[in-house]
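Working notes, structure below.
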2 protein chains.
Amino acid sequence: MQQPKKTGFQDVRDEVMRRIETRVWDQGALLPTEAELATEFGCARATVNRALRELADRGVIDRKRKSGTRVTALPVKQAKLEIATARRLVEERNATYRYALVSRRMQAAPGWLGSQMGLTPGTEVLHLEAMHYGDGQPFHFEDRWINIAAVPGCAEADFALKPPGEWLLAEVPFSNADVSFTATAADAALADYLACAPGAALFQMERSTWFQDAPVTFARMTFHPGYRMRSRY
Amino acid sequence: MQQPKKTGFQDVRDEVMRRIETRVWDQGALLPTEAELATEFGCARATVNRALRELADRGVIDRKRKSGTRVTALPVKQAKLEIATARRLVEERNATYRYALVSRRMQAAPGWLGSQMGLTPGTEVLHLEAMHYGDGQPFHFEDRWINIAAVPGCAEADFALKPPGEWLLAEVPFSNADVSFTATAADAALADYLACAPGAALFQMERSTWFQDAPVTFARMTFHPGYRMRSRY
DNA sequence: GAGTGGTCTAGACCACCTG
DNA sequence: AGGTGGTCTAGACCACTCA
């Protein structure tokens, strides 16, 4: 036997990627057509198409009808960030997770929240404050607002045991979100909750969530000093 | 005419997604087989396969041979983060970009850098410090280290006009990276560069880059106070 | 062993774009 | 107008995994 396996789309994809990395095809260069590559690799055009489509999804090549396929000149790198629950983040670090509800009350949505979530101001919302711990150490403080109209069940849930994030994930599993990250100085309350000095630099994540265009929840997570969010690409 | 267009894979994908969102198929539920869906939608199995593959890539469904396709119980949300150059970030805000090299020198890699990049300590590296401005205001401070062995050309480039990030992107376009985000307090030097008070909370991004397992560069970007990194999912 | 998804094929038609 | 990628089809075989 000479070739124990046929050329699959992964072989084509990897070989094309190799030629781009090694500058056989330089930045901006025009690649052969799908049909030509199919002939070269001895496979069907659909196989080449599948391979090139994956590279296009990664942003490695640009494809246009009629003009053909080119190596992306200045690729825009994309990092995939996993937005996990606090429990997952803590347990990934092999620590014991603990959750504590700090406060829970219904109130009219303040103005900043209205504009943040696209909610008419004065709408009744559920406001929760909670702490998440890893091995007894403060992990992050959660300031959460839930649109009662969008998630009626939240009025009955007391969130004493289950974090609102997990509850919502089970209740409204598929949704869209805007997320932003920033650094903030600890105020007196945060310094107390997170056991740090007032003014300490803290990593903060804010997330607004919608379900089919209806605003669901806004959450601001403020992490303990030194927290680091990692990713790869 | 009744149906002006045939059912494509996007139609199948969207309809399946709709049924999952509306809980026709609840979390953890078993979906019909590809063959059954193909019959229902009146298309080929390959079309259904393509549709379901995209949903699986998004993390909406889990697929296993023999056991079939299930709705993911607790979907792990993934945010796509665009890692853009400073120029891009500034110009997206409709501001005028300006770059200034602060310092440039060859030196032996310090210990922390060696472990950070997987570089043997003492290796000759190029150390650059630079500032990036938007409309004359400090945007971020860049502290960059380049492995000369991996990118020989950097010894000749003077980086007075072109930011090292852009230079590297053109020189080593396809590479892997670890990236991490954190909050840090401004020290005296950063406070000076970024025109803020010492101790101010600053958003910081660190990135280590490899090309085919060879360490290329490490960069620490410290942003002006109040900087916010955004994403969607 | 048998059912399910994973992939490939050869051919076809279409949509979009550029010359 | 013609070339290129985008997609679909019908059928086939394979690989994994569960019973």
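Every number in this text was worked out from the coordinates using simple rules, so none of it is lab data. Since this is a predicted model, take the numbers as computed values, not measurements. Note that we place each Cβ from the backbone using ideal geometry, even for glycine, and neighbour counts take in every protein chain shown.
Label reach from B:Arg93 (point 7 Å along Cα→C-beta): in segment B:158-197, amide nitrogens under 14 Å belong to B:194-196. Computed from backbone phi, the HN-Hα couplings of segment A:27-32 come to 4, x, 6, 8, 7, x Hz, rounded to whole numbers (Karplus: 6.51 cos²θ - 1.76 cosθ + 1.60, θ = phi - 60°; Gly and Pro given as x).
Tell me, what is the percent relative contact order of chain A, built from C-alpha pairs under 8 Å that lie six or more residues apart? About 15 percent, as a whole number. Going from the residue with the fewest nearby Cβ atoms within 10 Å to the one with the most, B:Cys154, A:Cys196 rank A:Cys196, B:Cys154.
A simple rule links phi to the HN-Hα coupling: the Karplus curve 6.51 cos²θ - 1.76 cosθ + 1.60 with θ = phi - 60°, which for segment B:146-157 gives 10, 6, 4, 4, 7, 9, x, x, 5, 5, 8, 5 Hz, with x for Gly and Pro.
With viscosity 0.890 mPa s and temperature 25 °C, the Kirkwood radius over alpha carbon pairs of the protein assembly as shown converts through Stokes-Einstein to a diffusion coefficient of 97 µm²/s. Each peptide in A:82-88, A:213-219 was scored by the mean count of other Cβ atoms within 10 Å over its residues; highest first, the order is A:213-219, A:82-88. The Cα center of segment B:128-161 and the Cα center of segment A:133-152 differ in position by 40 Å.
GNM on chain B, alpha-carbon springs under 10 angstrom: the most fluctuating residue among B:Glu91, B:Glu15, B:Glu206 is B:Glu15. Distances between every pair of Cα atoms in chain A, grouped in 10 Å steps from 0 to the bin holding the largest one, split as 7, 24, 22, 15, 17, 13, 3, 0 percent.
When only the Cβ of Lys, Arg, Asp and Glu is charged (+1, +1, -1, -1), the dipole of segment A:25-156 relative to its Cα centre reaches about 380 debye. Normalised by the number of residues in segment B:86-223, the mean separation of alpha-carbon contacts (under 8 Å, six or more apart) gives a relative contact order of 23 percent.
Could you tell me which of the pairs A:Lys80/B:Lys162; A:Lys64/B:Lys6; A:Lys66/B:Lys66; A:Lys80/B:Lys64; A:Lys66/B:Lys64; A:Lys162/B:Lys66 are separated by over 30 angstrom between their Cα atoms in the structure shown? Distance filter (> 30 Å) returns A:Lys66/B:Lys66; A:Lys66/B:Lys64; A:Lys162/B:Lys66. Ordered from longest to shortest, the equivalent ellipsoid semi-axes for segment B:86-223 are 24, 18, 14 Å, each the square root of 5 times a Cα gyration tensor eigenvalue. Shielding of peptide B:224-233 by partners, expressed as the average count of other chain Cβ atoms within 10 Å per residue Cβ, is 5.
Per-residue extension of 0.36 nm, minus the Cα-Cα distance of B:Ala44 and B:Arg65, leaves a gain of 5.7 nm for this segment. Amide H contacts under 5 Å for A:Val102: A:Glu129, A:Ala130, A:Met131, restricted to partners 5 or more places along the chain or on a different chain, H placed in the peptide plane at 1.01 Å from N.
About the centre of its Cα atoms, the protein assembly as shown shows a dipole size close to 1420 debye [charges on the beta carbon of Lys, Arg (+1) and Asp, Glu (-1) only; nearest 20 debye]. Amide H contacts under 5 Å for A:Thr72: A:Gly28, A:Ile61, A:Asp62, restricted to partners 5 or more places along the chain or on a different chain, H placed in the peptide plane at 1.01 Å from N.
If you take the Cα centroid of segment B:1-68 and the Cα centroid of segment B:200-233, the two points sit 38 Å apart. Converting phi to 3J(HN,Hα) with the Karplus coefficients 6.51, -1.76 and 1.60 and the offset θ = phi - 60°, segment A:117-128 yields 9, x, 10, 5, x, x, 4, 6, 10, 9, 10, 10 Hz in sequence order, with x at every glycine or proline.
For segment B:1-137, the spread of Cα coordinates along the three principal axes comes to 68, 41, 25 Å, biggest extent given first. Taking every residue in A:196-203 and counting other chain Cβ atoms within 10 Å of its Cβ, the average works out to 4.
In a simple Cβ point-charge model (Lys, Arg +1; Asp, Glu -1; nothing else charged), segment B:169-233 has a dipole of about 360 debye relative to its Cα centre.
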